[in-house]
Structures are given as structure tokens and as C-alpha cells.
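Notes follow once the structure below has been shown.
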């Protein structure tokens, strides 16, 4: 099933860049997909990132996983209903 046939629109594809991700990014761009490279291992930077994030998180991946958790707990992340996922 394609995105179009499912009635979905692709806003952007976020791909973890280090390692094999670089090649995947190149292929997606060649296919005309909107790509945002992501490096979750990048440390939080004082003066660039919010002070609280610098204090609480070792890197962007830890912060972003926390943000997803907070959105899930608040019910602000629309996901299809899945019994297995809901039970966890």
C-alpha cells in the first residue's frame, strides 16, 4: 500500500545519519523524498539548547525519547490502536 492510496501525506522523513544512515539519506533524496538528517548521539549544547535540556539529558536521543514519552502520556501523539502496544 502506498502513502497516497492510504490517504496519507509525507511531510518529511527523519533518518539517523551516522553509519549506514548517510547512504539511506542519499537514496531518499535521489528519490525526491523530503529528508531531515538526525544525529541522536549529538550532545546537548549549553547556549544552543534550553538550559534544562542540557542539565537533564546526555544527548538528543535521550531528550527526544523523553519528549515522545511525554506526548504519549498526554495523549497528544496520534497512533493507531494496538492492543500489544497499549498493554505496555
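Check whether at least one residue in the range 15-34 is under 13 Å from the mean Cα position of the chain (by Cα) and surrounded by fewer than 13 Cβ atoms within 10 Å (Cβ to Cβ), and report yes or no.
no
Could you pull out every one of the helices (runs of 4 or more DSSP H) wholly within the range 43-88 that has 2 or more residues that are closer than 21 Å to residue 15 by Cβ and in contact with a strand residue (DSSP E or B) (Cβ under 9 Å, 6 or more places away or on another chain)?
Once the helices (runs of 4 or more DSSP H) in the range 43-88 are filtered for at least 2 residues that are closer than 21 Å to residue 15 by Cβ and in contact with a strand residue (DSSP E or B) (Cβ under 9 Å, 6 or more places away or on another chain), what remains is 60-74.
Bear in mind that the values in this text are calculations on the coordinates, not laboratory data. Keep in mind that this is a model prediction, so the values were computed, not measured. A quick note on method: Cβ atoms are made from the backbone with ideal geometry, for glycine too, and the neighbour counts reach across all protein chains shown.
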